[in-house]
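Asker: Below you'll find the structure I mean.
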Amino acid sequence: MRAVVTGGAGFVGAHLVRRLLREEIDVVVVERPGARLDNLAGLKVTHHTADIVVPDSVLPALAGCDVLFHLAANPRLWAADPDEFRRTNTEGTRNVLAAAEKARVPRTVYTSTESIIGPSRDGTPCNEDTVSRAEEMVGPYCLSKFLAERAAVEAAERGLDVVIVNPTVPVGPGDVNASPPTAMIVDFLRGRIPAYIECHINIVDVRDVAEGHMLAWRKGVKGRRYILGGENVTVKRIFELAGEIAGRKPPRWRIPIAFALPIAWISEFVADHVTHTAPRATITGVKLARHFMHFDASRAVRELGFRPGPVRRALEDAVAWYREKGWI
């Protein structure tokens with residue numbers, strides 16, 4: 001068997017690569033020029049350098065491919081050039097799917113996101129059938145992923161065998177690029193977060209997300225989406241759990257959204273015009289915090305056999321990894 005993983009050096013991607021290798025599947029990792037490959041050190045994989053924004057750049061890697069996992073994306077909530085989200089997440093996905101069609105790849109698993117589902121309108125957890133609209137997307141990241149998922153659905157309608165997975169917020173070891181959730185937890189453990197915004201999210205062990213990709217490949221229904229979620233929690237509860245593990249008290253003060261949004265506007269203005277580095281608070285992140293982002297993963301449990309483990313274990317392993325890296 002031969003699997004191709006775009007974004008295979010990323011947080012979820014590297015765990016998926018390891019999961020594939022455990023079954024002695026040949027793995028081709030597609031990463032953009034200059035990407036960090038720390039997560040793949042010592043692994044027997046084939047590397048293919050390609051920028052997915054360039055049409056057909058992935059095509060040579062797909063020769064003899066049995067399954068394509070498309071994870072490559074910009075997962076940040078801010079970029080110096082906001083159009084980067086459209087180019088990478090939307091147009092890049094269209095390019096990868098077009099290459100899969102040309103190469104006649106037997107099955108493609110596309111990695112979407114939970115942030116484009118919903119929001120809940122009645123306080124109940126969202127599921128795969130919760131209505132989502134382009135005009136409701138929060139910021140350029142969410143819109144780019146919404147349109148990318150729509151492209152995957154359209155590819156399935158044209159005949160490509162593609163399954164969609166929507167991971168919630170992954171936590172665990174190995175996030176070398178410090179995605180927004182990891183950066184938030186690390187900042188808290190460093191004492192940099194004296195207060196919190198009360199918001200409702202779903203978190204899941206990153207290793208369970210990797211397993212969910214395997215299950216979607218083998219059991220998923222063409223053109224169908226599956227939420228890969230774990231536990232519905234509040235951000236305060238995440239801080240409490242991480243604090244118990246690392247020996248740090250959670251922040252006591254809650255910041256109202258109405259107060260947090262101007263802070264985010266100022267942070268992004270400074271980032272855009274002065275520092276040109278990622279802001280401490282993003283407008284998209286604060287606006288998403290207003291949404292009730294609890295999710296129901298029962299379809300993946302029922303149809304795929306998805307069995308997410310306890311989030312506390314994921315946080316324990318994450319904190320141990322942060323210490324090993326010298327981050328805390």
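Asker: So which DSSP H runs in the chain come out at 15 Å plus along the axis (Cα) with average Kyte-Doolittle of at least 1.6? List each step's numbers first, then the result.
Answerer: Details: long enough: 11-22 (17 Å, 0.61); 92-103 (16 Å, -0.11); 139-158 (29 Å, -0.07); 206-219 (19 Å, -0.48); 235-246 (16 Å, 0.63); 257-270 (20 Å, 1.84); 311-325 (21 Å, -0.83).
Qualifying helices: 257-270.
Asker: Would you mind calculating the gained length between Arg254 and His276 on full extension (0.36 nm times residue separation, minus the Cα-Cα distance), in nm to one decimal? Walk me through the intermediate numbers first.
Answerer: Details: separation 22, 0.36 × 22 = 7.92 nm, distance 2.85 nm.
Separation in residues times 0.36 nm, less the Cα-Cα distance, equals 5.1 nm.
Asker: Which translational diffusion coefficient, to the nearest whole µm²/s, is obtained for the stretch 102-236 from the Stokes-Einstein equation, given a Kirkwood hydrodynamic radius over C-alpha pairs, 20 °C and 1.002 mPa s? Walk me through the intermediate numbers first.
Answerer: Numbers: Rh = 16.3 Å.
Estimated diffusion coefficient is 131 µm²/s.
Asker: Beyond 14 Å, what percent of the Cα pairs of the stretch 162-213 remain?
Answerer: Values: 808 of 1326 pairs.
Of the Cα pairs, 61 percent sit more than 14 Å apart.
Asker: Just how large is the dipole of the stretch 206-328 about the Cα centre, in debye to the nearest 20, putting +1 at every Lys and Arg Cβ and -1 at every Asp and Glu Cβ? Can you show the working numbers first?
Answerer: Values: 22 positive and 12 negative charges, 70 e Å.
Using only the charged Cβ atoms, the result is roughly 340 debye.
Asker: For Val27, enumerate residues with amide H under 5 Å from its amide H, sequence gap 5+ or separate chain, H modeled in the peptide plane.
Answerer: Here the answer is Ala3, Thr46, since their amide H atoms fall under 5 Å of that of Val27.
Asker: Moving on to the next point. I'm a student and want to see the number: the projected area of the Cα convex hull of the stretch 32-136, averaged over all directions, in nm².
Answerer: 9.1
Asker: Calculate the radius of gyration of the Cα atoms of the chain to one decimal place, then report Dmax, the largest Cα-Cα distance, as a whole number, both in Å.
Answerer: 18.9, 55
Asker: Using just the helices of the chain, give the 222 nm mean residue ellipticity in deg cm²/dmol: DSSP H runs with n ≥ 4 each add -39,500 (n - 2.57), and the total is spread over all residues, rounded to 500. Mind showing how you got there, number by number?
Answerer: Details: 9 runs with 116 residues, N = 328.
My calculation for the chain gives -11000 deg cm²/dmol from helical runs alone.
Asker: Using all alpha carbons of the stretch 179-328, what is the percent of pairwise distances in each 10 Å bin, ordered from the shortest bin to the longest?
Answerer: With 10 Å bins starting at 0, P(r) equals 10, 33, 33, 20, 4.
Asker: Can you pull the one-decimal nm distance between simple spin-label points at Lys219 and Thr46, each 7 Å off the Cα toward Cβ?
Answerer: 3.0
Asker: Eigenvalues of the Cα gyration tensor times 5, then square-rooted: what semi-axes does that give for the stretch 1-76, in whole angstrom, largest first?
Answerer: Details: eigenvalues 60, 47, 21 Å².
Rounded to whole Å, the semi-axes are 17, 15, 10.
Asker: Could you give me the percent of Cα pairs per 5 Å distance bin for the stretch 248-328, shortest bin first, beginning at zero and ending with the bin that holds the maximum distance?
Answerer: 3, 11, 11, 11, 15, 19, 16, 9, 4, 1
Asker: Hey, what do the phi angles of the stretch 159-172 turn into as Karplus ³J(HN,Hα) couplings, whole Hz, using 6.51/-1.76/1.60 and θ = phi - 60°, x for Gly and Pro?
Answerer: x, 5, 7, 10, 10, 10, 10, 10, x, 7, 8, x, 9, x
Asker: Considering amide H positions built from the backbone, and no H for Pro or chain starts, which residues 5 or more places from Val162, or on another chain, come under 5 Å of its amide H?
Answerer: Amide H to amide H, under 5 Å and 5 or more residues apart or across chains, Val162 pairs with Thr108, Gly223.
Taken together, the values in this text are just the output of simple stated rules run on the coordinates, not laboratory data. Since the model is a prediction, treat every value here as computed from it, not as a measurement. Ideal geometry is used to build each Cβ from the backbone, glycine not excepted, and the neighbour counts take in all protein chains shown.
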